[in-house]
1. How much length is gained if the chain between Glu94 and Gln324 is pulled fully straight, taking 0.36 nm per residue apart and subtracting their Cα-Cα distance, in nm to one decimal?
2. For region 121-189, give the percent of accessible area contributed by carbon and sulfur heavy atoms, probe 1.4 Å, rounded to a whole number.
3. What is region 221-295 by shape, rounded, prolate or oblate, if you read a ≥ b ≥ c off the alpha carbon gyration tensor as root eigenvalues and call it rounded for a/c under 1.5, prolate for a/b larger than b/c, and oblate otherwise?
4. Toward the positive end of the charge dipole of region 367-475, about the Cα centre and with charges on Cβ (Lys, Arg +1; Asp, Glu -1), which of Cys399, Leu436, Gly372 goes farthest?
5. Roughly how many debye, to the nearest 20, is the charge dipole of region 172-281 about its Cα centre, given +1 on each Lys and Arg Cβ, -1 on each Asp and Glu Cβ, and no other charges?
6. Could the peptides 93-102, 377-386, 401-410 be put in order, highest first, of the mean number of other beta-carbon atoms found within 10 Å of their residues?
7. Are any of the pairs Lys180/Lys428; Lys212/Lys428; Lys129/Lys311; Lys172/Lys212; Lys172/Lys428 more than 24 Å apart by Cα-Cα distance, and if so, which?
8. For region 128-217, what is the accessible area per residue in Å² when the probe is 1.4 Å?
Amino acid sequence: MSATAGARKRGKPASGARAGAGPGKRRRKADSARDRGKSKGGGKMNEEISSDSEGESPAPRRTEEEEQEELEETAQEKKLRLAKLYLEQLRQQEDEKAEARQFEEDQVAGRLKEDVLEQRGRLQKAVAKEVQAPAPGDIRVLRGHQLSITCVVVTPDDSAIFSAAKDCSIVKWSVESGRKLHVIPRAKKGAEGQPPGHSSHVLCMAISSDGKYLASGDRSKLILIWEAPSCRPLHTFTGHRDAVSGLAFRRGTHQLYSTSHDRSVKVWNVAENSYVETLFGHQDAVAALDALSRECCVTAGGRDGTVRVWKIPEESQLVFYGHQGSIDSIQLINEEHMVSAADDGSLALWGLSKKRPLALQREAHGLRGEPGLEQPFWVSSVAALLNTDLVASGSHSGCVRLWRCGEGFRQLDPLCDIPLVGFINSLKFSSAGDFLVAGVGQEHRLGRWWRIREARNSVCIIPLRRAPRPPAAGS
């Protein structure tokens, strides 16, 4: 038998073992593949490949069972790894959901707490530390009155401002454009057939919390009611015996409180065009008035040196002492706390549970005059951002000063000064707290003791920017 036939006979598998001939077939295929590679590569390349392959030690061949076992083991490890990854993702998702639920619960709890504190009149949001003083160039100056501005109010939606002045006119301004939207001119005394208006200095204004009604009071003892959106005249209330110096609507209603130099406080129902009642108690001309949601109001008693809280249903009053001069301005911070200002240069924080100030800042705007004859600058106006710790005061010292109320309203800390020349006769924060409106004049709103000639009779819109809050821990 020839060598070729012997090799063919050895390579031929038995007929009964044809099913197990897989390894032999794979070897023949591999040998044929090598032969084809040698024929394609050329002589020299074949020699290099063969010499390299001859220099390497042949690796031990692994059986099919071992290879299959290794492949199956790798698949199991992959499945295990993917399972662990999936479980880790589920855990992270659950943690994120838990954090979101906790955040929502904290937010809801915070809102509920704020609602409860607001109902109790003790809400004090900490916003003052975030407020940044604007650059002088950012202050917008609106000019349209010939004489000193006496009072300003901002509509509840912060879209418009009403200003009134000693020239007896009322102007409605657009906050966005700074343009006049409407002008209610001075009314001539005794002239018939002319549209209603004021014929004497307008000293005070108030707007209802729904923005429907505007009330204005003047030195001629009159209170005029206007439709705020259109400035259309609606009613005229008479009854005071002297100049009307303070007006305020009770929030959420159309009940109007007024006060006068005749020392009285009157209650009106604007929706029904009716008078309700009169309260007495002050011993001198009342200079200012304010109110919030409760059926009560607070008044600044001028020269009688008292601040009074009037409980309308009980027809009773609480009397507070603390200033040494004429108390010319007052503003409620929340239902239980208020701030007042006087011509002795002092600024006071009050709580309804104590008859003395919780905090008293003397010489709030500094001193003026020659050495040895110094007198404090009068504090002619004050404003508070509702339910927060931010307060503003105005004088003729050349600036509006912002203050932060300490915890429990037991301290007043100055924040910054905003330069404005003239008498700051009125201050009002926007509802959102993003701007402050100042009514500036050459003269004090209640008299003509002296004049600041370099001042401009104008309405100033002061933007209040907030510093970004630092990120919370873990965010």
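1. On the way: separation 230, 0.36 × 230 = 82.80 nm, distance 6.29 nm.
Full extension of this stretch gives 76.5 nm more.
2. Details: 1560 of 3370 Å².
It is 46 percent, rounded to a whole number.
3. On the way: a/c = 1.87, a/b = 1.42, b/c = 1.32.
Here region 221-295 falls in the prolate category.
4. Projecting each Cα onto the dipole axis, the largest value belongs to Leu436.
5. Numbers: 15 positive and 9 negative charges, 63 e Å.
Roughly 300 debye for region 172-281.
6. Numbers: 93-102: 10.2, 377-386: 24.4, 401-410: 18.4.
Ranked from most to least packed, the peptides come out as 377-386, 401-410, 93-102.
7. On the way: Lys180/Lys428 19 Å; Lys212/Lys428 19 Å; Lys129/Lys311 34 Å; Lys172/Lys212 14 Å; Lys172/Lys428 15 Å.
In this structure, Lys129/Lys311 exceed 24 Å between Cα atoms.
8. Numbers: 4100 Å² over 90 residues.
For region 128-217, the solvent-accessible area averages 46 Å² per residue.
The values are calculated or read from the model by the stated rules, or taken from the named source; none is laboratory data. Bear in mind that the values here come from a model prediction, so they are computed numbers and not experimental data. Every residue, glycine as well, gets a Cβ built from its backbone with ideal geometry; the counts of neighbours run over all protein chains shown. Note: accessible area is taken over every heavy atom of the protein model, side chains too, but ligands, DNA and RNA are not part of it. Shrake-Rupley method; radii C 1.70, N 1.55, O 1.52, S 1.80 Å.
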